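We did not get these values from a lab; they are worked out from the coordinates using the rules stated. Quick caveat, the model's predicted, so the values are computed rather than measured. Every residue, glycine among them, receives a Cβ derived from its backbone with ideal geometry; neighbour counts consider all protein chains shown.
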Amino acid sequence: MGAIAACARPRDLPHRVEAAIQQDFPDALLLRRDDGVHALLPGPVTEAALRLADRLPAFALAPLELDPERLGAALREAALAAAAVEAGATTAADALGGSFRLLVRLASEQPGELRRFAASTVGPLEDAAVVETLEAYFAHDCNMNATATAIYAHRHTVAYRLERVHELTGLSPFSQADRERLGLGLKARALL
């Protein structure tokens, strides 16, 4: 049947998180550590697990793991995903799938490779305003007017900062292929 690794990073009252997990999953195995509450839930991923992720703060799941030897790795992946959720870089549902899922696996198994990728894409971006603008640009479907409104800046300021991204990284936020690399680079940076 397999198991789903889960991790919650409650700021306080970890016993409440444990109680919530045990209420929905009485057969769960729980472990409280300094970095949060770790759990193995009976698989497969169900709506109940996703609802639990919506209710608990900084909570994330790893995909169903069928190999018992990989459960430790799955718990590390869940902890990395929970840290990204806590930082506001993703949601529990998004961390469970898509490109974030691949990056979490890479961060768990080859953190040096993830660091190299982040450095080669968004590494040169040190100006917080430029990074905020790029993130807002992606969050608003690459619409410069919506980005300007979201960050309380003029449209020309957004354009200037996006050009600055291109100057610093060699990747253009206006090119589809480069946007993909920049977006993955931002996600990789969030995981690091």
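Quick look at the numbers
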quantity	calculated
Conditions (1) of a type in the set (Gly, Ala, Ser); (2) over 17 Å from residue 4 (Cβ atoms); (3) free of Cβ contacts under 8 Å to residues at least 24 places away in the same chain: number failed by residue 89	(3)
Count of residues meeting criterion [exposed (fewer than 15 other Cβ atoms within 10 Å of the Cβ) and closer than 12 Å to residue 186 by Cα] in segment 93-125	2
Selected residue [surrounded by fewer than 14 Cβ atoms within 10 Å (Cβ to Cβ), out of contact with any helix residue (DSSP H, G or I) (no Cβ under 7 Å at 6 or more places or on another chain), assigned to a helix (DSSP H, G or I) and among the small types (Gly, Ala, Ser)] from 146, 129, 177	177
Some residue of segment 63-76 being part of a strand (DSSP E or B), in contact (Cβ under 8 Å) with a residue 12 or more places away in the chain and under 30 Å from residue 180 (Cα atoms)	yes
Selection from segment 133-143 of residues that are surrounded by 15 or more Cβ atoms within 10 Å (Cβ to Cβ) and without any contact (Cβ under 8 Å) to a residue 24 or more places away in the chain	136, 140
Residue match in segment 112-120 (condition: hydrophobic (A, V, I, L, M, F, W, C), without any contact (Cβ under 8 Å) to a residue 12 or more places away in the chain, in a helix (DSSP H, G or I) and within 30 Å of residue 49 (Cβ to Cβ))	no
Subset of segment 81-90 (residues that are more than 16 Å from residue 32 (Cα to Cα), hydrophobic (A, V, I, L, M, F, W, C) and part of a helix (DSSP H, G or I))	81, 84, 85
Residue 158, sole failed condition from (1) more than 24 Å from the chain's Cα centre (by Cα); (2) under 30 Å from residue 113 (Cα atoms); (3) crowded, with 18+ Cβ neighbours inside 10 Å	(2)
Residue count for segment 22-44, restricted to those that are over 20 Å from residue 84 (Cα atoms) and either within 19 Å of the chain's Cα centre (by Cα) or aromatic (Phe, Trp, Tyr) (or both)	1
Qualifying positions in segment 129-147 - over 20 Å from residue 181 (Cα atoms) and out of contact with any His (no Cβ under 6 Å at 6 or more places or on another chain)	145
Set 146, 84: member being over 30 Å from residue 65 (Cα atoms) and among the hydrophobic types (A, V, I, L, M, F, W, C)	146
